[in-house]
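Here is the structure we will look at.
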Amino acid sequence: MNRMDISHNLDLYKSMDAKKNLMKVMMEGPVQIDRLSLTLGYPGVYSSFLLFAELSGKGYGVDARGIHNREAERMIS
């Protein structure tokens, strides 16, 4: 909805957090479901960017998911 400019009152990151906490428990086998992995599809960045975003987020005290989204914006413009 964010990318389609549809008005809503949902928090994207809180929604992802809830899905991770609920869905991982329901999975039968080992599955890599974490906040950063869930975020990859939204901005369309490559998985090789995960480690960079995670390290940068920790270093600067920001949410790595925001780094993904900012990188996607930069790639589009």
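The values are calculated or read from the model by the stated rules, or taken from the named source; none is laboratory data. Model, not experiment: these values are computed from the prediction. Positions of Cβ are generated from backbone atoms using ideal geometry, with glycine treated the same way; all protein chains shown enter the neighbour counts. Areas reflect the complete protein model, heavy atoms only, side chains present, ligands, DNA and RNA absent. Shrake-Rupley method; radii C 1.70, N 1.55, O 1.52, S 1.80 Å.
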(message) Contact list please: Cβ distance under 8 Å, first residue in the range 51-64 and on the phi < 0 side of the Ramachandran plot, second residue modelled with pLDDT under 90 and open to solvent by 70 Å² or more (accessible area, probe 1.4 Å), pairs at least six apart or on different chains.
(response) Ala64/Arg35; Ala64/Glu54
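For every residue, the table says whether it meets (1) surrounded by 14 or more Cβ atoms within 10 Å (Cβ to Cβ); (2) at pLDDT 75 or above.
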{"residue": "Arg35", "(1), (2)": "yes, no"}
{"residue": "Tyr42", "(1), (2)": "yes, no"}
{"residue": "Ser47", "(1), (2)": "no, no"}
{"residue": "Leu50", "(1), (2)": "yes, yes"}
{"residue": "Glu54", "(1), (2)": "yes, yes"}
{"residue": "Gly57", "(1), (2)": "yes, yes"}
{"residue": "His68", "(1), (2)": "yes, yes"}
{"residue": "Ile76", "(1), (2)": "no, no"}
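Pull up the range 7-22, narrow it to residues that are modelled with pLDDT under 75 and closer than 22 Å to Gly66 by Cβ, then point me to the one that is most open to solvent (accessible area, probe 1.4 Å). First the steps, then the outcome.
Here is the first cut: in the range 7-22, the residues modelled with pLDDT under 75 are 19-22.
If we keep only those that are closer than 22 Å to Gly66 by Cβ as well, we get 19-21.
Working: Lys19: 115, Lys20: 41, Asn21: 83 Å².
Result: Lys19.
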